[in-house]
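Asker: Below: one structure in structure tokens.
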Amino acid sequence: MFDTVCVGAGLIGGVQAALLRRSRHLPRPKVLLTDGARRPSFSSQLTKNIRQIAVNPGSRQLLQDTGAWEKLGNSPWAVNKITVWDSMGHGGLEFEAKHEENPIFHITEVPAISAAGVDAAEDAGVELMFESKLENIKIPNRFNQAIQDTDYVSFKINESEFETRLLLGCDGANSSVRKAAGLGQLSKNYDQRGFVCTVRAENVADNRTAFQRFLPSGDVIALLPCEEDQLSIVWSCAASKAKMLESLDADELISKINEYLVNDETPTLIKTLHNSLSFIPKSIGLKTEMRVDPPIITEVLSPTGSFPLGSALATNMVAPRTAILGDAAHRVHPFAGQGANMGWRDVELLTDELERAHLSGIDYTSQLSLSKYEKAALLEHAAFMSGLEGLKQLYKTNATPFVLARNVGTMLVNNNSALKDIFISRAS
Amino acid sequence: MFRRPRSLLRSLEVARGQITRSSRSIGTLNDSEVAKFGAMNRDWWDQNGQNSPLHSLNKLRVGYVRDLLRKTVSNPPPGLPLFGKKILDVGCGGGILAEGLAQLGAEVTAIDASEELISVAEERRKRKGIENLTYLDVLVEDLQEIESRFDLVISSEVLEHVEEPWAFVAYCSNLVKKDGDLVLTTINRTIQSRILAIELAERFAGLLPRGTHDWDKFVTVEELIMDLREVKFRVEDIKGMRWNPFTNEWQWSNSLDVNYLLHAKDDKSFMS
């Protein structure tokens, strides 16, 4: 009998398993980390990995607490500034870290974090099983009146029967745990894909600035620095466009990206309005224009690829003796770089509730404990996701009043450090 | 309310250590109360069932014991702040409190008059493989002869169901080690408790099964303090507890009008 089984050794599975073992408030649970795939490994320097993610300070703290961060060595790349701008008018935003030692986030390769998580879990005494798929998952019936609440989850791996007091689905968007538990999900398919590749760039100075450009077509191009002169590109666009980008040869791709980073699609009416009205903000001392000087792409360093985009939020995140975390429960548009961070937030919220339940003399694998996690996580994610959706819609439109409002809004935010702090604390 | 003949209490010399076999003629058992709770055994552990307030009450009562004793445990293993502490739970029912204390590492002995509930608790204990928890189907008066005493004796939501609460308190106190602690939680006999616990909870909203409580048997704070004084226990702390039926959450409260917790310590050294 295991106390906890974490299914999925991706970004969050290893971290969750390690955290439970290392908790000072739980009695050294017997934890299993399992995945159908092979054990994730640190990629060699030669093959550049194309998926990079932003690790915000809260997540970094969690990774440090579990011992995973130190395994990444010097590879996480600190980013001290984010520049956001669109291709219309003058709306631009800059967020800067107050101190260089507290960067806004770190850019790190996805497989490296998974591998670090698994290593940390192993160090903490978590049992590992790879290339082993869970089958025949049986979750106790929540309506069973006769139970003295001693029914646990059972499952099979390679024909062997196992039991666990708690099953955690950290197994991504197609979570087998979510399906076995019959947990519903509200999802929205954008018919969009995220096109990704790693490039070399000029005009990046010390390369500590992340860029993000919103285009009226709804595209978002994110440039995430990941080494001295390298950027990881995540371009979210219509599925057909992503396929087109994937089919381009290196030179064509470079010119396409560079073109989209500098073009100006401002309608004449807005230009005129801007020019004639800009004396108003100037007269009260506001900075009205932010000149963005984007990087110039010179070389494609990795294979190209794309992944489907969509957003989804589980209607329930727990079932008897079962909880889902991360992408298994929610997916968001990658433009805010929050997907993985929301997953790590789940790890924190869940672990907090389990510890609190245990110290209160409540079985931490019981409904009373898990329902608190569900409430806390759903509340936080639902609010955050509706905010993201609104922001995205705002940038998608090109109707004159909205573009003006957006430009005025961003200008005001840009001139107001308190407001900026709020944005930055939400984004990181 | 004339609950008990106080002269009888004195004549029995129930002061700690002085309870003799003869005093066992004063029984704390109420058969109909035991039968009533025994019948609830099927869904005792259903957290969404009739006992949901008892499950969530662990936050306060286990939390209180944890904070009271944790200072006396040096270097406890992770997650076991009560490691090695000897605790007696009197009137444990299906073991909701006893298991909560055991999961924090205490060596728990839990007793109840209901054979059905003890078997529910014992079945669950076996299934979960909890080793630091012993269930006994005995009355507190039957335990008086045992040799070792307890660091802490707790009786939670029981006092309002027993016959002769004063004798029950005396028996409990007699099992506390020197310098040990006695923790009791119960319901005050006030107009508020009559309205909340009986009229609202049982009759109107049906949050508790009808007949769960008999208001006349509730024990006031004053009566309990007097009972403890008789056995030379000094009251250290009294706290009100409030239940929110909408969230099933308990909170500490300044009001002692309905549910309350009382903590007392052996006072003989203090008196002499």
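The values are calculated or read from the model by the stated rules, or taken from the named source; none is laboratory data. This one's a predicted model, so the numbers in the text were calculated from it and none came from an experiment. All Cβ positions, glycine included, derive from the backbone under ideal geometry; neighbour counts span all protein chains shown. Accessible surface areas use protein heavy atoms only, side chains included; no ligands, DNA or RNA. Shrake-Rupley method; radii C 1.70, N 1.55, O 1.52, S 1.80 Å.
Asker: Go through the range B:197-272 and tell me which strands (runs of 3 or more DSSP E), entirely inside it, have 1 or more residues that are in contact with a Pro (Cβ under 8 Å, 6 or more places away or on another chain).
Answerer: B:233-244, B:249-253
Asker: Does residue B:243 satisfy the condition of being surrounded by 15 or more Cβ atoms within 10 Å (Cβ to Cβ) and modelled with pLDDT of 95 or more? Even if it seems obvious, please write down each step before you answer.
Answerer: On the way: surrounded by 15 or more Cβ atoms within 10 Å (Cβ to Cβ): yes; modelled with pLDDT of 95 or more: no.
No; evaluated as a whole, the condition is false for this residue.
Asker: For the subset of the range A:162-204 comprising residues that are over 30 Å from residue A:225 (Cα atoms) and open to solvent by less than 10 Å² (accessible area, probe 1.4 Å), which member is farthest from the chain's Cα centre (by Cα)?
Answerer: To start, the set of residues in the range A:162-204 that are over 30 Å from residue A:225 (Cα atoms) comprises A:162-169, A:175-187.
Add one more test, that the residue is open to solvent by less than 10 Å² (accessible area, probe 1.4 Å), and what stays is A:164, A:166-169, A:175, A:177.
Values: A:164: 29, A:166: 25, A:167: 23, A:168: 19, A:169: 17, A:175: 17, A:177: 20 Å.
Looking at residues that are over 30 Å from residue A:225 (Cα atoms) and open to solvent by less than 10 Å² (accessible area, probe 1.4 Å), I get A:164.
Asker: A follow-up question, please. Answer yes or no: is there a residue in the range B:135-152 that is within 12 Å of chain A (Cβ to nearest Cβ) and not β-branched (Val, Ile, Thr). Lay out the reasoning, then the answer.
Answerer: Let us first name the residues in the range B:135-152 that are within 12 Å of chain A (Cβ to nearest Cβ), namely none.
Looking through the range B:135-152, none of the residues is within 12 Å of chain A (Cβ to nearest Cβ) and not β-branched (Val, Ile, Thr).
Asker: Suppose the filter is small (Gly, Ala, Ser), at positive phi and more than 9 Å from chain A (Cβ to nearest Cβ); does residue B:95 pass it? I'd like the intermediate steps shown before the answer.
Answerer: Numbers: small (Gly, Ala, Ser): yes; at positive phi: yes; more than 9 Å from chain A (Cβ to nearest Cβ): yes.
In short, yes.
Asker: Additional query: Does residue B:58 count as within 11 Å of chain A (Cβ to nearest Cβ), in contact with a Lys or Arg (Cβ under 9 Å, 6 or more places away or on another chain) and of a type in the set (S, T, N, Q)?
Answerer: Numbers: within 11 Å of chain A (Cβ to nearest Cβ): yes; in contact with a Lys or Arg (Cβ under 9 Å, 6 or more places away or on another chain): no; of a type in the set (S, T, N, Q): yes.
Judged against the criteria, residue B:58 is not a match.
Asker: If you go through the range B:98-115 one residue at a time, how many are open to solvent by 10 Å² or more (accessible area, probe 1.4 Å), over 15 Å from the mean Cα position of the chain (by Cα) and at pLDDT 95 or above?
Answerer: Final tally of qualifying residues: 2.
Asker: Identify all residues within the range B:48-86 that are among the aromatic types (Phe, Trp, Tyr) and open to solvent by 30 Å² or more (accessible area, probe 1.4 Å); write none if there are none. Walk me through how you get there before you give the answer.
Answerer: The first filter runs over the range B:48-86 and keeps only residues among the aromatic types (Phe, Trp, Tyr), leaving B:64, B:83.
The one that is among the aromatic types (Phe, Trp, Tyr) and open to solvent by 30 Å² or more (accessible area, probe 1.4 Å): B:83.
Asker: Being open to solvent by 40 Å² or more (accessible area, probe 1.4 Å) and among the hydrophobic types (A, V, I, L, M, F, W, C) is the filter here, so list the residues in the range B:140-152 that pass it.
Answerer: In the first step, residues of the range B:140-152 are kept if they are open to solvent by 40 Å² or more (accessible area, probe 1.4 Å); the result is B:142, B:145-149.
Scanning the range B:140-152 gives a single hit, B:146.
Asker: A further question on this structure: For the range A:289-335, give me each residue that is among the small types (Gly, Ala, Ser), touching a strand residue (DSSP E or B) at 6+ places or on another chain (Cβ under 7 Å) and crowded, with 19+ Cβ neighbours inside 10 Å. Give the derivation first.
Answerer: Pass one, the range A:289-335, residues among the small types (Gly, Ala, Ser): A:302, A:305-306, A:310-312, A:314, A:319, A:323, A:326, A:328-329.
Imposing the further condition that a residue be touching a strand residue (DSSP E or B) at 6+ places or on another chain (Cβ under 7 Å) reduces the set to A:302, A:305-306, A:310-312, A:314, A:323, A:328-329.
Those that are among the small types (Gly, Ala, Ser), touching a strand residue (DSSP E or B) at 6+ places or on another chain (Cβ under 7 Å) and crowded, with 19+ Cβ neighbours inside 10 Å: A:306, A:314, A:323, A:328, A:329.
Asker: Can I ask one more? Return a yes/no flag: does the range B:79-97 have any residue that is part of a helix (DSSP H, G or I) and either at pLDDT 95 or above or closer than 20 Å to residue A:365 by Cα (or both).
Answerer: For the range B:79-97, residues part of a helix (DSSP H, G or I) and either at pLDDT 95 or above or closer than 20 Å to residue A:365 by Cα (or both): present.
Residues are listed down the side, and each one gets a yes or a no for (1) open to solvent by less than 20 Å² (accessible area, probe 1.4 Å); (2) among the aliphatic types (A, V, I, L, M):
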site: A:81; (1), (2): no, no
site: A:93; (1), (2): yes, yes
site: A:98; (1), (2): no, no
site: A:101; (1), (2): no, no
site: A:104; (1), (2): yes, yes
site: A:108; (1), (2): yes, no
site: A:115; (1), (2): yes, yes
site: A:119; (1), (2): no, no
site: A:122; (1), (2): no, no
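Asker: Could I ask something else about it? Only one of (1) closer than 26 Å to residue B:216 by Cα; (2) at pLDDT below 80; (3) more than 14 Å from chain A (Cβ to nearest Cβ) fails for residue B:41. Which number is that?
Answerer: Just one mismatch for residue B:41, condition (3).
Asker: Looking at this structure, is residue B:89 closer than 30 Å to residue B:247 by Cα, open to solvent by 10 Å² or more (accessible area, probe 1.4 Å) and within 19 Å of the chain's Cα centre (by Cα)?
Answerer: Numbers: closer than 30 Å to residue B:247 by Cα: yes; open to solvent by 10 Å² or more (accessible area, probe 1.4 Å): no; within 19 Å of the chain's Cα centre (by Cα): yes.
Here the answer is no, as residue B:89 does not meet what is asked.
Asker: If you don't mind, another one. Restricting the search to the range B:99-145, which residues are over 21 Å from residue A:152 (Cα atoms) and in a helix (DSSP H, G or I)?
Answerer: Hits for the range B:99-145 are B:101, B:115, B:116, B:117, B:118, B:140, B:141, B:142, B:143.
Asker: Say whether the condition of being farther than 24 Å from residue A:2 by Cβ, touching a helix residue (DSSP H, G or I) at 6+ places or on another chain (Cβ under 9 Å), open to solvent by less than 10 Å² (accessible area, probe 1.4 Å) and among the acidic types (Asp, Glu) is met by at least one residue in the range B:116-123.
Answerer: No; the residues of the range B:116-123 include none that is farther than 24 Å from residue A:2 by Cβ, touching a helix residue (DSSP H, G or I) at 6+ places or on another chain (Cβ under 9 Å), open to solvent by less than 10 Å² (accessible area, probe 1.4 Å) and among the acidic types (Asp, Glu).
Asker: Whether any residue in the range A:32-52 is within 14 Å of chain B (Cβ to nearest Cβ) and surrounded by 21 or more Cβ atoms within 10 Å (Cβ to Cβ) is what I want to check. Before the answer, list the steps.
Answerer: Restricting attention to the range A:32-52, the residues satisfying the condition of being within 14 Å of chain B (Cβ to nearest Cβ) are none.
No, the range A:32-52 contains no residue that is within 14 Å of chain B (Cβ to nearest Cβ) and surrounded by 21 or more Cβ atoms within 10 Å (Cβ to Cβ).
Asker: Further, regarding this structure: Using beta carbons and a limit of 7 Å, which pairs, at least six apart or on different chains, have the first residue in the range A:1-30 and free of Cβ contacts under 8 Å to residues at least 40 places away in the same chain and the second one open to solvent by less than 10 Å² (accessible area, probe 1.4 Å) and part of a strand (DSSP E or B)?
Answerer: That search, which allows pairs on different chains as well, returns A:29/A:4.
Asker: Turning to a different aspect of this structure: Which residue is farthest from the other protein chains (Cβ to nearest Cβ), if the candidates are limited to the range B:70-84 and must be of a type outside the set (Gly, Ala, Ser), out of contact with any Pro (no Cβ under 8 Å at 6 or more places or on another chain) and over 23 Å from residue A:3 (Cα atoms)?
Answerer: Pass one, the range B:70-84, residues of a type outside the set (Gly, Ala, Ser): B:70-73, B:75-78, B:80-83.
Filter once more, so that each one left must be out of contact with any Pro (no Cβ under 8 Å at 6 or more places or on another chain): B:71-72, B:75-76, B:81.
Then drop every residue that is not over 23 Å from residue A:3 (Cα atoms), which leaves B:71-72, B:75.
On the way: B:71: 15, B:72: 17, B:75: 12 Å.
That would be B:72.
Asker: Looking at A:348, A:353, can you tell me which residue is part of a helix (DSSP H, G or I), free of Cβ contacts under 8 Å to residues at least 40 places away in the same chain and under 14 Å from residue A:380 (Cβ atoms)?
Answerer: Values: A:348 fails: free of Cβ contacts under 8 Å to residues at least 40 places away in the same chain.
Criteria check complete, one pass: A:353.
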